[in-house]
1. Which of the following residues is in contact with a Gly (Cβ under 9 Å, 6 or more places away or on another chain) and under 30 Å from ILE67 (Cβ atoms): GLY120, GLY141?
2. If you scan the range 93-121, which residues turn out to be β-branched (Val, Ile, Thr) and surrounded by 15 or more Cβ atoms within 10 Å (Cβ to Cβ)?
3. Could you check the range 122-134 and list, in sequence order, the residues that are open to solvent by 80 Å² or more (accessible area, probe 1.4 Å) and of a type outside the set (A, V, I, L, M)?
4. Which of the helices (runs of 4 or more DSSP H) found entirely inside the range 23-119 contain at least 2 residues meeting this: modelled with pLDDT of 85 or more and either farther than 17 Å from PHE136 by Cβ or touching a strand residue (DSSP E or B) at 6+ places or on another chain (Cβ under 6 Å) (or both)?
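The values are calculated or read from the model by the stated rules, or taken from the named source; none is laboratory data. Just so it is clear, the structure is predicted and the values come from calculations on it, not from any experiment. Methodologically, a virtual Cβ is constructed for each residue, glycine included, from the backbone with ideal geometry; neighbour enumeration extends over all protein chains shown. The area values use the complete protein model at the heavy-atom level, side chains included, leaving out ligands, DNA and RNA. Shrake-Rupley method; radii C 1.70, N 1.55, O 1.52, S 1.80 Å.
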Amino acid sequence: TSDHSSQPDSHLSHTSHTSRPASPSQSVPESLQQFPLVSDQQQQLSSSQLSSTINSLSQQLPVWAHIPVAGAAAGVALSGILGPTELIKCRMQASTAYASPMHCVRATLAAEGVRGLARGLGATFAREVPGNALFFTVYEGLKSTLR
């Protein structure tokens with residue numbers, strides 16, 4: 001098999017995630033933004049196109065366990081996007097010192113470096129990974145039950 005490590009990044013480039021926060025009326029619900037990530041992760045787990053380590057783990061799991069693993073993997077990918085985005089959104093809500101989201105990003109990078117954009121990332125992982133695993137397990141379970 002070939003290395004597909006760059007595949008999720010190319011997939012993320014055409015999703016609706018942006019670096020600027022949108023108002024609630026303009027934004028797509030977060031759970032809807034995750035479907036392409038979970039579907040992609042689920043297909044990769046099912047088709048054995050992952051690296052040998054993850055592929056080995058996938059083969060050891062029963063079929064029903066692929067869904068929460070795919071959901072958790074999507075949570076990891078999603079956290080990398082949501083963490084910095086939510087940080088900028090919160091900083092803009094808490095302060096009037098920023099003229100735009102990009103101004104906030106530039107000020108954060110100037111003051112704290114790239115690590116500044118990673119503040120709170122652990123909490124985002126702690127929320128998204130198990131949350132996505134549970135959400136998509138329930139979703140897939142209900143979907144198959146209602147068919």
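1. From the options GLY120, GLY141, the qualifying one is GLY120.
2. VAL105, THR108
3. Filtering the range 122-134 down to residues open to solvent by 80 Å² or more (accessible area, probe 1.4 Å) leaves 127, 134.
Within the range 122-134, ARG127 is the sole residue that qualifies.
4. 66-94, 101-112, 114-117
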